[in-house]
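Heads up, the thing below is written out as structure tokens.
The numbers here are math on the coordinates, done by the rules we state, and not lab data. These numbers were taken from a predicted model, which means no experiment stands behind them. Cβ: placed from backbone, ideal geometry, glycine included. Neighbour counts: every protein chain shown.
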Amino acid sequence: MSGLRPGNRHVMLLWAASAGNAGASWIMLVAVFVYVLHHFSASSLAIVELVGTLPALLCMPFAGAIADRHDVRRLALGSMTVQALSLLGVLVVLRVGLWEIAACYGLQGAANAVWPPARQRWLYALIREDRSRAAANAAIGSVSGVMTIAGAALGGVLSAWSTSAALSAAAGLQLAATVPLLALARPAFQQSAQAGGALRSLHADLAEGFTALRALPLARSVIWVGISWGLIGGAYNVLLSAYVTNDLHGGGLLLGVFTLWMAPR
């Protein structure tokens, strides 16, 4: 967290919450992949991944507008709580069937889609100077790389021991991610905004966003590139997991090693 003032407690708390959230997601991902491939097939895993990812994709266009209209503290805590319950749900339905696993996976992803815009609104309410915001964004941005390594490694070790243990750890870590958020106060700017009057309707904001997309080809290109990259990344994860599990006869530990090796540096 270089570049931040030592006393910047707010950013450190948001960083800790983000780290717990990302780590729990990685542990769950490795655990679910290992379990499905051991008991079903690569095509079954592809279905689980697709069904589990779609709710998050559908929620993303609305997440920012929702964060503009509601108390971001409640949204963030709600996101963390629903994700923890979803992870517990995966654990409970683990031996029930694929569709139940995919449904809990999808609920977790949908709840997680609300977290980044809520966190960003919260961050900017606490950090007002542009220079400090740049340092804070850099610190928050480091979570992805750090937790790809830590989360994949821990997920691999726990999955090699027990899928249930891995999912229990993921749920516990997700709940622990709420603790730093409880230490942060509600953003003052939202209190004044809500006292000053109602914001525009959600429909109006969404309509304005789609109008802007039609007028800005570069913005449309960025979105299509992001969607394509997501599809390619999902297919790559399924193929890599199937290769490690089926062809190399590995388990969670080896999958975690491959994930670390192929992670962006």
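Details
- Using the Karplus relation 6.51 cos²θ - 1.76 cosθ + 1.60 with θ = phi - 60°, the per-residue 3J(HN,Hα) values for the range 33-41 come to 4, 5, 5, 5, 5, 6, 10, 10, 9 Hz, with x marking Gly and Pro.
- For GLU49, GLU129, GLU208, order by how many other beta-carbon atoms lie within 10 Å, fewest first: GLU129, GLU208, GLU49
- Spin-label model distance (nm) - ALA212 vs SER142, 7 Å beyond Cα toward Cβ: 3.0 nm
- CD proxy at 222 nm, helix term only [per DSSP H run n ≥ 4: -39500 (n - 2.57); per residue of the chain; nearest 500]: -28500 deg cm²/dmol
- Spacing of the two label points (7 Å from each Cα toward its C-beta) at SER41 and ALA204, in nm: 5.3 nm
- Most tightly packed first, judged by the mean number of other beta-carbon atoms within 10 Å of their residues, the peptides 167-179, 22-34 read 22-34, 167-179.
- Between the helical axis of 202-215 and the longest alpha-carbon principal axis of the chain there is an angle of about 80 degrees.
- Potential extension, ALA134-LEU248 segment - 0.36 nm per residue separation minus Cα distance: 36.7 nm
- Placing a pseudo-label 7 Å from each Cα along the Cα-to-Cβ vector at ALA150 and SER162 gives an inter-label distance of 2.4 nm.
- As a rough guide to protection, the peptides 114-120, 64-70 ranked by mean Cβ packing within 10 Å, highest first, stand as 114-120, 64-70.
- Counting only alpha carbon atoms, the long axis of helix 42-69 and the longest principal axis of the chain meet at about 10°.
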